[in-house]
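What follows is a single structure, written as structure tokens, with notes after it.
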């Protein structure tokens, strides 16, 4: 079967893309609403870009009325954000935070989530995820015909639950992916849980 995406509507092209670009990691992003509340939303168009400097990206769309989503607005206005990696026990809460709320209302309340302050950082992290990345806006570029907001952030610090991270003799940090137990996105309403790791040594 050959599918020519140029012949599909944007919705149909998106539909086939999210069913074939799988599995996709999920960035659970906390931002400052600017009114003493926080926005929290998941994004599966997410990945790392480079380690020097340490940059990551998320692609943020628009609301049904065409306005920018709150995550886009908040990062653009206030620079800082915190990216979390959710695990299987947080699947329902993570999906709950995908709801489209009026700007300034917090998904933390409807999902019954809590935050905890982080030393030397302007934003808290969500309690529960085993990884949190503290990021600063590096660049936002509008891309595509809609357009989407391609948010590039610089990871300035990272919090790892002691249960998932150890330091090797060579000084490197080892993160146990099995203990992180991350969720990943498939198409539609489907997600995949972490399975058995496969270790294969790469050639030099």
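The table below gives the values:
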{"item": "Complete set of residues in the stretch 26-67 that are loosely packed, with under 15 Cβ neighbours inside 10 Å and within 30 Å of residue 1 (Cβ to Cβ)", "result": "47"}
{"item": "Test set (1) closer than 24 Å to residue 98 by Cα; (2) without any contact (Cβ under 8 Å) to a residue 24 or more places away in the chain; (3) not in a strand (DSSP E or B) - residue 187 fails condition number", "result": "(2)"}
{"item": "Which numbered condition residue 18 misses (of (1) in contact with a strand residue (DSSP E or B) (Cβ under 8 Å, 6 or more places away or on another chain); (2) exposed (fewer than 15 other Cβ atoms within 10 Å of the Cβ); (3) over 23 Å from residue 133 (Cβ atoms))", "result": "(2)"}
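Read-outs: derived from the displayed coordinates by stated rules, not from any lab. These figures come from a predicted structure and were not determined experimentally. Using ideal geometry, Cβ is built from the backbone for each residue, glycine included, and neighbour counts are taken over all protein chains shown.
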